[in-house]
There are 6 protein chains.
Amino acid sequence: MPRPSGREPGQLRELTVQRPFPSAAAGSVLISAGDTVLLCTASVTEGVPPWRVNRDDPARSKGWVTAEYAMHPGSTPGRKKRGPDGRATEIQRLIGRSLRAAVDFAALGNRTITVDCDVMQADGGTRTLAITGGFIALADAVASLDLDRPSNGVPGVKVLTRSIAAVSVGVTAEGCVLDLDYAEDSRAEVDLNVVMTGGTTAPEGDTPGDYIEVQGTAEGEPFPRPVLNELLDLAAAGCVGLTAMQRELLGDRFPG
Amino acid sequence: MPRPSGREPGQLRELTVQRPFPSAAAGSVLISAGDTVLLCTASVTEGVPPWRVNRDDPARSKGWVTAEYAMHPGSTPGRKKRGPDGRATEIQRLIGRSLRAAVDFAALGNRTITVDCDVMQADGGTRTLAITGGFIALADAVASLDLDRPSNGVPGVKVLTRSIAAVSVGVTAEGCVLDLDYAEDSRAEVDLNVVMTGGTTAPEGDTPGDYIEVQGTAEGEPFPRPVLNELLDLAAAGCVGLTAMQRELLGDRFPG
Amino acid sequence: MPRPSGREPGQLRELTVQRPFPSAAAGSVLISAGDTVLLCTASVTEGVPPWRVNRDDPARSKGWVTAEYAMHPGSTPGRKKRGPDGRATEIQRLIGRSLRAAVDFAALGNRTITVDCDVMQADGGTRTLAITGGFIALADAVASLDLDRPSNGVPGVKVLTRSIAAVSVGVTAEGCVLDLDYAEDSRAEVDLNVVMTGGTTAPEGDTPGDYIEVQGTAEGEPFPRPVLNELLDLAAAGCVGLTAMQRELLGDRFPG
Amino acid sequence: MPRPSGREPGQLRELTVQRPFPSAAAGSVLISAGDTVLLCTASVTEGVPPWRVNRDDPARSKGWVTAEYAMHPGSTPGRKKRGPDGRATEIQRLIGRSLRAAVDFAALGNRTITVDCDVMQADGGTRTLAITGGFIALADAVASLDLDRPSNGVPGVKVLTRSIAAVSVGVTAEGCVLDLDYAEDSRAEVDLNVVMTGGTTAPEGDTPGDYIEVQGTAEGEPFPRPVLNELLDLAAAGCVGLTAMQRELLGDRFPG
Amino acid sequence: MPRPSGREPGQLRELTVQRPFPSAAAGSVLISAGDTVLLCTASVTEGVPPWRVNRDDPARSKGWVTAEYAMHPGSTPGRKKRGPDGRATEIQRLIGRSLRAAVDFAALGNRTITVDCDVMQADGGTRTLAITGGFIALADAVASLDLDRPSNGVPGVKVLTRSIAAVSVGVTAEGCVLDLDYAEDSRAEVDLNVVMTGGTTAPEGDTPGDYIEVQGTAEGEPFPRPVLNELLDLAAAGCVGLTAMQRELLGDRFPG
Amino acid sequence: MPRPSGREPGQLRELTVQRPFPSAAAGSVLISAGDTVLLCTASVTEGVPPWRVNRDDPARSKGWVTAEYAMHPGSTPGRKKRGPDGRATEIQRLIGRSLRAAVDFAALGNRTITVDCDVMQADGGTRTLAITGGFIALADAVASLDLDRPSNGVPGVKVLTRSIAAVSVGVTAEGCVLDLDYAEDSRAEVDLNVVMTGGTTAPEGDTPGDYIEVQGTAEGEPFPRPVLNELLDLAAAGCVGLTAMQRELLGDRFPG
């Protein structure tokens, strides 16, 4: 049975990126996966949160990366009220943890980068697209700091240590599928979000990355181990594809 | 002495519009005046606020239009924290009052239209551009309701009774000027925001509209009546120009 | 057609002042215009808000003036709930901006004066009476600091640089009128609040002051330029009258 | 050793009342005891709180009386910030409980009377003066309802069943004293607030009322039973005096 | 007429204590009086609240003791919502004041002890049991600091200067009774909570302590002085009994 | 290298249960795993949240189960402030989702069961112990409703459809380990929480359950698929052990 969108089980939605999007932030990306559209901006501010300050020498505090996730009132039919709720809190904690896995905070220094992920149009998979797009905004913000520039023959520091991508997989009436849209997500039996480091694509076969986060929920029936395994395979392949897109977009800003 | 931007004293910034912008809202406009960029969406929801309900027959309550104004965290250098403050409260009340002046609430019926004005990039004049752009989103949302359609030979009702545009004028070191950008606004002696109904452009001379709102503040020295008069002249001409743009964009959705 | 109160179109309501009103504040005035009654107090506290502090030498920070506006629960029929709302936020921002236009902050020094305007009985025109009365409380608070006293033959500094008065004008069924009470205000087509510096009264003709704030709203039909002009004339004359009252009350505390 | 004010140990401060004070509330009293000044207003609103509604017949719900206590920003040197705190919460619960003891809620019917007690100038004893003055405002609000009027020869119902007065007593360096001002209160070893029903004054000796509330606190050393007894004697005499004042002011509105 | 529980008028409920209860706090006591069960924990943190800091030498600030009172959601039928309300605010202020009367803050030094009183099962008398049990947790927390230890032959300081116990008394259909449970409390005419210092028990007769707090409320009819006297007698005897229990439990941690 | 606690890699902490714990809730369990101690209570209230109400016939709304997670102030050294934060919000959403997987809401009927999980002493693994213990409280609350009782020869409905248990696994310096305590958790490279349905224990080999939730986070280095597989094996075995304990405790209240 074909998916509602006609996609293959392991096929990502079409991705488009407008970069930069008009903004005062150092990094800003309008990213779309099918009809899901997010604005990801990355703003740099001096200093770090109080609990992060180096008491001995505040100027040498290690940096910090945090995220905020918000749904624009026009992102869903019926108008979404502004302001954080439990779901948004949970999601922005996931985004922040995931992006921090890509950063060398000693190299970033006494700065905070806040990645704001605003859903402009919601059609499923907003939290994983926020991570995939947020990474691009983060990379642009890091590049704007020019910390990686070698000076006097000494190589610059590397703030970004690896790339990060994320995708959702799930079990629908059509079986295990990749990158669910709302029509699929709202009826899925299982919903699994996977955040991985960038794997590599090669003619002789793709190499998947490693795990940053795995979050799976049985929305209907509990699921057995073989289903979990199949979902993890799909997600790994999806993240390899998303990483290839990030590598192409970022060019020499792509880490490694 | 020329303006920082090189514009003439009575010259508007260049206006561009992306319409629709990806959104689930009935009307959505990304509008730019120079480097000031706003997303204006207009969402329709059934029913009206409690104080507006017709006690005798709730289904026959008159409609309502309200607005929210928010600055995206990436809209200003240094990252703007989310959440309403006194300034935003004041601005969104102005936007709501202004747009309500264009609507026949009996014709709108038991519905609320919320116009969300999100500043994506702030370079002066955000509140007036929110009104000018918000009117376009409002007109699209009204059109989506299809209430104006004549059926059975009876002409449809007219929900929009007039058009609304707004612009800022001020006194800078270069004298009285129209449509200030941030470089001008931050050093202006006087800041005047004017909201007017749509005037008309004609070869034999423009006809300005009437006033919906006039809000002027002496940021530095108090200003005498002749200066106020000169500013009001500039603003009236500016609103005529903005109205011409709205008329062209909206075509037969433009009221009147 | 006569006004409901029997007043002439350009006639102010009767003004009465109890000064001081029992309070621990440095300035305190119970001011009435007809049945509208406000308590305006001005409290002096050491230091200024964080964003106002002079980083190089906090003790030499320039001063600050701010305002709070509140309606007492008993000020309106039906009991008004305590706590700020959007309207109060907008009004207290207006009062604060207006009163700051009268102050030399370098002369005030590292102090904050907070002008609290509490409406005890509301019958229209509360925001403008808050400014007119708040100026008197402010002048008394400034006088209590004794900063203007010449010592050793050196003239003292002048903290107050000018006087401020405010009044509302509007368009009712009786035409353009000054100083609307609630019966008029609630049915007015246009509502315009004007804040001006003190003009002067003289046998050979009054001289109006300059503008600090002009805030006009079409509550019903949009209004054309000639109506705006007529309203501005009425307001200027009204502010001259209010200033004369302030000058008499304050004696040598009146600036200039 | 004399008290700082020169008063006798059992002497009340001088009481003055302005009644009504300009207000839209049904009852409004500006009451002073020495330099402590409060505005007490009593507002009537239709209906009762949700938990108080008679489910079977909402229109026959028994009435309710509640209180709010607030310190005006100008009531203390240094400006008191607006908004409830723990102390205000505790005090307004005491005021509400005390005044409710005077009311027959079946006779009051489906109405809520809110007694707002705003401290305009604080010099000790604000909570007890709020009760003594709040009772007067409450009596005026009840009278405005005209529920007690006999019609058709049938005597009217009695909403007020008794009078209520309150006073503070304490132990200072001068021993047990009545009606402490701030100079005494701030250094008192014991602080006791007593709320009583109206006693009677007669040439052959006063008859004290009964207790509604007794709240005593050792601010310094714990106090033994004989001291408590002496304080209770002083308080009872004080409440008799306050009741005499209430009786004279209220005339035939005084219950009983 | 016997009490619902079959107890004598002056008989306390059975007291049981689990000490320590699993906790990271320095003192933790699960205390039961009949079916009323509270967990009282006392946590020590370095430093004192801002208003308590010694400006000249923060490290030599005097200590502080504060309390929080909360009802666990499962403590009452119908599930109690979490979060403070007016009643809890009033109660925790009483607990804090009462426990502070037992402490020499100079001896405690620059530390704050917070006594958390969580009602696990509510059957009347929670606020007084919180004080009686909170004192035990406080004593254990103080002992954990080891400040009283004599070193080098110099006797240690005494942080606890006296013991504190509390009990409720009231007037029910059975007359004046001690230590009311919910069945009695909910129908009591008078409710009086008394906090006293530790009295002593001896064969030749008990010696009651002195008063820290007396809080009495007429829930129904106002009560005359003789009733107050009888209630105070009952409470004094009850506190002597509770103190005996505290003395036995605390051993040489009991003050004096 | 042995674990700090001396446990084997796949060994659970010792579990103890006090049931019921004094409470007014229908189910109440004090559960300990090593030094981690939680109180789980399950309260039943009539009706369901507004969004859950059956509009056609409210009395036939399907039931609901929700959870709250709170850390008692004394649960950690340094005193944890009360009130929800982002972490608590995330955890209580997990607990609620997990427990709902065990319930047939049509059989539960128009009721809400709230499972409150209060951490009394925190030593790692609080969120998974909250689920394991919360299930027991939930089962007791369901049993108290007596809905499963066959009457008139008709077998009763089954509200609980399966059992739920949860455990944490992680990667420490000692490799993959089960049921981490704080000493392990705070230095773990990977932290994985797994919620599963009840598997079965049998002499011929255990049968693990299916997945309800899988939440894994790389706290340090990203982890490869084989590590994830090993962790999932450990977790499945752990949940089988926890289920055996639940089965023994609940007896015929255990579902299935």
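Read the figures in this text as sums done on the coordinates, not as results from a lab. Everything numeric in this text was worked out from a predicted model, so none of it was measured. Counting neighbours? That spans all protein chains shown, and the Cβs are built from the backbone with ideal geometry, glycine included.
Does D:A173 satisfy the criteria of being within 28 Å of D:D233 (Cβ to Cβ), aliphatic (A, V, I, L, M) and crowded, with 22+ Cβ neighbours inside 10 Å?
Details: within 28 Å of D:D233 (Cβ to Cβ): yes; aliphatic (A, V, I, L, M): yes; crowded, with 22+ Cβ neighbours inside 10 Å: no.
For D:A173, the condition - within 28 Å of D:D233 (Cβ to Cβ), aliphatic (A, V, I, L, M) and crowded, with 22+ Cβ neighbours inside 10 Å - is not met.
How about region B:71-81: which of its residues are buried (at least 16 other Cβ atoms within 10 Å of the Cβ) and at the interface with another protein chain (Cβ under 8 Å from one of its Cβ atoms)?
Here is the first cut: in region B:71-81, the ones buried (at least 16 other Cβ atoms within 10 Å of the Cβ) are B:71-76, B:79-80.
Scanning region B:71-81 gives B:H72, B:P73, B:G74, B:S75, B:T76, B:R79.
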Top-ranked residue in region C:212-224 [being farther than 14 Å from B:L94 by Cα and more than 7 Å from chain B (Cβ to nearest Cβ); ranked as surrounded by the fewest Cβ atoms within 10 Å (Cβ to Cβ)]: C:G220
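Kindly evaluate E:D140 against the criterion of being acidic (D, E), buried (at least 17 other Cβ atoms within 10 Å of the Cβ) and touching a residue at least 60 places away in the same chain (Cβ under 8 Å).
Numbers: acidic (D, E): yes; buried (at least 17 other Cβ atoms within 10 Å of the Cβ): yes; touching a residue at least 60 places away in the same chain (Cβ under 8 Å): yes.
So E:D140 fits the description; yes.
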Index of the failed condition, A:A202 passing every other in (1) closer than 19 Å to F:Q215 by Cα; (2) without any contact (Cβ under 8 Å) to a residue 24 or more places away in the chain: (1)
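Within region F:82-95, which residues are surrounded by fewer than 22 Cβ atoms within 10 Å (Cβ to Cβ) and part of a helix (DSSP H, G or I)? Lay out the reasoning, then the answer.
Taking region F:82-95 and keeping what is surrounded by fewer than 22 Cβ atoms within 10 Å (Cβ to Cβ), we get F:82-90, F:93.
Scanning region F:82-95 gives F:G86, F:R87, F:A88, F:T89, F:E90, F:R93.
Would you check if C:P22 is over 30 Å from B:E219 (Cβ atoms) and surrounded by fewer than 16 Cβ atoms within 10 Å (Cβ to Cβ)? Step through it out loud before you land on a result.
Details: over 30 Å from B:E219 (Cβ atoms): yes; surrounded by fewer than 16 Cβ atoms within 10 Å (Cβ to Cβ): no.
No: the conditions fail for C:P22.
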Residue within region A:232-254 that is touching an Asp or Glu at 6+ places or on another chain (Cβ under 8 Å), at the interface with chain F (Cβ under 10 Å from one of its Cβ atoms) and crowded, with 21+ Cβ neighbours inside 10 Å present: no
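Quick check on region A:106-127: of everything there that is of a type in the set (S, T, N, Q) and within 23 Å of B:A25 (Cα to Cα), which residue is surrounded by the most Cβ atoms within 10 Å (Cβ to Cβ)? Steps first, please.
Step one: list which residues in region A:106-127 are of a type in the set (S, T, N, Q), which gives A:110, A:112, A:114, A:121, A:126.
Checking the rest, the ones that are also within 23 Å of B:A25 (Cα to Cα) come to A:121, A:126.
Numbers: A:Q121: 22, A:T126: 24.
Among them, the one singled out is A:T126.
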Region C:212-254 - residue that is outside any helix (DSSP H, G or I) and among the polar types (S, T, N, Q) and, of those, nearest to the chain's Cα centre (by Cα): C:Q215
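I'd like to know if region A:57-65 contains one or more residues that are in contact with a Pro (Cβ under 8 Å, 6 or more places away or on another chain), within 16 Å of A:D118 (Cα to Cα) and either in contact (Cβ under 8 Å) with a residue 24 or more places away in the chain or buried (at least 22 other Cβ atoms within 10 Å of the Cβ) (or both).
No, every residue in region A:57-65 fails to be in contact with a Pro (Cβ under 8 Å, 6 or more places away or on another chain), within 16 Å of A:D118 (Cα to Cα) and either in contact (Cβ under 8 Å) with a residue 24 or more places away in the chain or buried (at least 22 other Cβ atoms within 10 Å of the Cβ) (or both).
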Cross-chain or 6+ apart pairs with Cβ under 8 Å, region E:111-135 first and farther than 12 Å from E:I91 by Cα, then of a type in the set (D, E) and buried (at least 23 other Cβ atoms within 10 Å of the Cβ): E:G124/E:E184
Test result for F:A59, part of a helix (DSSP H, G or I), over 25 Å from E:M120 (Cα atoms) and of a type outside the set (K, R): yes
Residues being farther than 16 Å from B:D116 by Cβ and of a type in the set (D, E, K, R) - total across region B:66-79: 1
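Can you go through F:V240, F:V194, F:V171 and tell me which one is under 17 Å from A:P222 (Cβ atoms), β-branched (V, I, T) and touching a helix residue (DSSP H, G or I) at 6+ places or on another chain (Cβ under 9 Å)? Walk me through how you get there before you give the answer.
Details: F:V240 fails: touching a helix residue (DSSP H, G or I) at 6+ places or on another chain (Cβ under 9 Å); F:V171 fails: under 17 Å from A:P222 (Cβ atoms).
F:V194 is the lone residue from the list that is under 17 Å from A:P222 (Cβ atoms), β-branched (V, I, T) and touching a helix residue (DSSP H, G or I) at 6+ places or on another chain (Cβ under 9 Å).
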